[in-house]
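See structure below.
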Amino acid sequence: MFEQEDETVERVIQHLRRSVAIDPGLDARVMREIAQVPPEGRRGRPLWPLLAAAAVVATVLVARPWNRNAASQADTLQFVLVAPQAASVALVGDFNDWDPARSPMQTAHGAGIWATVVRLAPGRYRYAFLVNGVEWRADPNAPAAKDDEFGTPSSVITVGGRGS
Amino acid sequence: MILAALLLVTQVAVQDPRLDRLDLDTRSAVAAVVDSARVARLPIEPIIQRALEGATKGAPGPRIVAAVRKLAVDLGTARAALGTSALEAELEAAVAALRAGATPEVIAHLRDVRRPPLTMALSVLADLVASGVPADSAAAAVLALAPKARDADLVEFRRAVERDIALGAPPGAATSVRLNAGALDVSGGNTTTGNPNNPTRRSRP
């Protein structure tokens with residue numbers, strides 16, 4: 001029994017030890033075939049690095065960190081008017097479409113000190129206070145608008161950006 | 001080319017709904033000015049805001065139309081002085097400076113000596129003139145400070161001049177005195193930071 005198994009093992013060994021003839025042009029042909037496969041057919045190449053790079057580029061283009069835009073530099077500013085006799089005061093200007101309903105001012109405990117807070121991006125804005133819905137007043141604490149073409153007083157405020 | 005033309009037609013056809021606050025004739029005239037400004041690549045928001053200001057203040061239609069037309073022209077002049085890369089805020093401030101009496105040459109000079117944005121420098125120039133400072137004195141002061149002063153420095157300069165004027169100083173003299181003091185501070189490297197509308201005072205040694 002052992003002799004028979006030894007002969008079988010010996011034949012297998014002899015078979016495996018035979019030299020294998022490989023075509024020397026095989027590598028070149030394989031590489032040529034790979035090169036001819038269209039890009040969409042290359043299943044082995046992952047797309048995620050390309051997608052990640054595209055996402056980064058898109059994010060940078062949208063956010064534009066080199067362009068510190070208005071929103072990122074906006075200032076929160078408080079506007080105050082002392083008007084003890086007023087029943088209502090609204091702040092209107094270039095920043096709220098001159099709409100009295102957009103920025104009504106509040107008075108604390110009826111003391112006649114009216115105030116409101118708005119957030120403004122860098123820029124130069126014209127504005128005024130509308131008292132009791134009929135009376136226009138400029139801000140006594142701000143520069144006056146010199147080019148008042150509509151016959152009522154206005155003020156200007158400039159919100160600075162970089163370097164301010 | 002065709003796409004650009006279609007885009008332009010679409011933009012012209014769409015009227016800003018905020019202009020509905022104007023009467024029909026005024027709205028049509030203002031919309032025409034807005035369209036012209038858009039074609040000329042001028043900012044349209046300042047024009048719309050000026051029209052809305054007139055509407056809220058109850059100004060007659062012809063006065064509103066005249067105001068927005070004049071503003072569009074001035075925006076064009078401002079852009080010619082500042083260049084096509086100027087920001088909308090810079091153009092608005094330049095219009096204020098022009099109306100205060102600054103020449104386009106002064107504005108162009110300011111562009112050459114100061115890093116953008118120029119909004120605050122131009123606004124300070126306009127506000128100084130509004131305070132009574134002669135236009136040439138205000139322009140000379142801002143141009144002198146512009147290369148090194150920060151925005152907050154310029155605001156503080158304006159407030160100091162205004163305080164002196166309120167105390168009785170002649171506007172021109174107040175500007176000269178504060179300019180010399182400010183020049184010393186700027187050259188000494190002191191700077192001010194904070195809200196430009198309420199700048200903290202500079203500490204002096």
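Bear in mind these aren't lab numbers, they're just calculated from the coordinates by the rules spelled out. Values in this document were obtained by computation on a predicted structure and should not be read as measured data. Here the Cβ is made from the backbone with ideal geometry for all residues, glycine too, and neighbour counts use every protein chain on show.
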The lysines whose Cα lies under 20 Å from the Cα of residue A:146, excluding any fewer than 8 residues away in the same chain, are B:57, B:70
Plugging the Cβ-Cβ distance of residue B:163 and residue A:108 into 1/(1 + (r/R0)^6) at R0 = 30 Å yields, to the nearest 0.05, a FRET efficiency of 0.60
As straight-line cross-link partners of residue B:148, the qualifying aspartates and glutamates (C-alpha separation under 12 Å, not fewer than 8 residues apart within one chain) are B:185
Simple spin-label estimate for residue B:103/residue B:70, 7 Å along Cα→Cβ, in nm, reads 2.2
Computed over the stretch A:78-164, the relative contact order (Cα-Cα under 8 Å, seq sep at least six) in percent reads 28
Quick calc: nm separation of the 7 Å Cα→Cβ label points for residue B:28 and residue B:40 -> 2.2
In whole angstrom, the spacing between the Cα centers of the stretch B:75-94 and the stretch B:19-36 equals 23
Most exposed first, judged by fewest Cβ atoms within 10 angstrom, B:167, A:91 run B:167, A:91
